[in-house]
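Notes follow the structure.
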Amino acid sequence: MGLAPSPLWEFFHKLSEFYGNNKTHYAAICKGCIESHITALENEDTEKLMSGAISERRGEVELRAAASELPPKIQGSTARLAQHLTTTFQLAGEASHKFHLTP
Ligand SMILES: [Zn+2]
């Protein structure tokens with residue numbers, strides 16, 4: 001019988017690879033960080049549209065795929081996941097809080 005997965009995983013994607021060289025913890029990507037990157041990319045597209053650098057915005061799927069590559073991988077231990085959420089709450093702005101409070 002294994003331990004139940006931490007409820008913190010609601011806020012993270014579990015990757016199918018391990019974090020670092022020891023095979024103890026899976027790598028994690030924060031869902032809140034992906035959402036805030038999507039918003040940033042949307043704003044970028046808006047600016048490029050207005051300046052005429054592009055003629056069309058990227059679609060939802062394309063934006064999500066691009067944004068998923070951007071956040072750093074986190075060690076998927078309960079301590080590290082909790083630390084990421086805590087630091088984000090303390091340091092980041094209102095927008096980021098909103099993203100991180102929505103699993
Ligand atoms: Zn995050």
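The values are calculated or read from the model by the stated rules, or taken from the named source; none is laboratory data. All figures in this text were calculated on a predicted structure; none of them were measured in a lab. Cβ coordinates were reconstructed from backbone atoms using ideal geometry, including for glycine residues, and neighbour counts include every protein chain displayed. Note: areas computed on protein heavy atoms with side chains; ligands, DNA, RNA excluded. Shrake-Rupley method; radii C 1.70, N 1.55, O 1.52, S 1.80 Å.
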Sort out which residues of the range 48-96 are surrounded by 14 or more Cβ atoms within 10 Å (Cβ to Cβ), in a helix (DSSP H, G or I) and at pLDDT below 75, and write them in order of number.
96
Within the range 63-81, tally of residues that are touching a residue at least 60 places away in the same chain (Cβ under 8 Å) and over 14 Å from the mean Cα position of the chain (by Cα):
1
Scan the range 2-54 for residues that are within 16 Å of the ligand (Cβ to nearest atom) and β-branched (Val, Ile, Thr) and report the count.
4
Mind checking which pairs have a first residue in the range 25-46 that is assigned to a helix (DSSP H, G or I) and open to solvent by 40 Å² or more (accessible area, probe 1.4 Å) and a second that is at pLDDT 90 or above and within 14 Å of the ligand (Cβ to nearest atom), Cβ under 6 Å, 6 or more apart or different chains?
31/11; 37/67; 37/70
